[in-house]
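Undergrad: Dropping a structure here in structure tokens format, bear with me for questions.
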Amino acid sequence: MDLLIVLFLVGFARTLLILVIIYYGIRIVTKYVLPLLVDKGLKNMQQKMQDQQRQHQQPSKPDGEVTIESDKKGSQNKSKDKGEYVDFEEVE
């Protein structure tokens with residue numbers, strides 16, 4: 001009977017030790033490793049956003065410079081009909 005109690009206490013102590021090690025392991029990971037991963041992810045995302053913003057920015061033009069951009073194909077396909085004329089009456 002005494003042997004059974006000793007084996008139970010040894011098993012309980014071992015289980016308790018494993019739980020304590022897991023608890024402190026999780027605390028260390030969340031305190032030191034997780035912030036590093038989050039910081040690296042945020043920096044990576046910020047860099048991607050800056051790259052996208054640079055791609056979408058048009059080159060700056062000096063003041064007073066006028067540029068006209070037109071679609072060559074679109075101007076050839078326009079029909080002569082400019083639309084329907086709508087007569088209106090003045091309301092007094």
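Laboratory data are not the source of any read-out in this text; all were calculated from the coordinates shown. This structure is a prediction, so every number in the text was calculated from the model and none was measured. Ideal geometry is used to build each Cβ from the backbone, glycine not excepted, and the neighbour counts take in all protein chains shown.
Undergrad: Would you work out which of Gly25, Leu36, Met1 lies farthest towards the positive end of the dipole of the chain? Charges go on Cβ: Lys and Arg +1, Asp and Glu -1.
TA: Met1
Undergrad: Which value, in nm² and rounded to one decimal, describes the direction-averaged projected area of the C-alpha convex hull of the chain?
TA: The directionally averaged projection comes out at 21.8 nm².
Undergrad: Work out the length of the dipole vector of the range 2-55 about its Cα centre, built from +1 on the beta-carbon of each Lys and Arg and -1 on the beta-carbon of each Asp and Glu, and round it to the nearest 20 debye.
TA: 340
Undergrad: For Arg14 and Gln52 in one chain, what is 0.36 nm times their gap in residues minus the Cα-Cα distance, to one decimal in nm?
TA: Extra length available between Arg14 and Gln52 comes to 8.2 nm.
Undergrad: Could I ask something else about it? Mind pulling the angle between the C-alpha long axis of helix 2-28 and the longest principal axis of the chain? Nearest 10 degrees, somewhere in 0 to 90.
TA: 30
Undergrad: Moving on. Determine the dipole magnitude for the chain: charges of +1 sit on the beta-carbon of Lys and Arg, -1 on that of Asp and Glu, nothing else is charged, the reference point is the Cα centre, and the result goes in debye to the nearest 20.
TA: Rounded to the nearest 20 debye, it is 1240 debye.
Undergrad: Expressed as an acute angle from 0 to 90° and rounded to the nearest 10, what is the orientation of the C-alpha long axis of helix 34-56 relative to the principal long axis of the chain?
TA: 10
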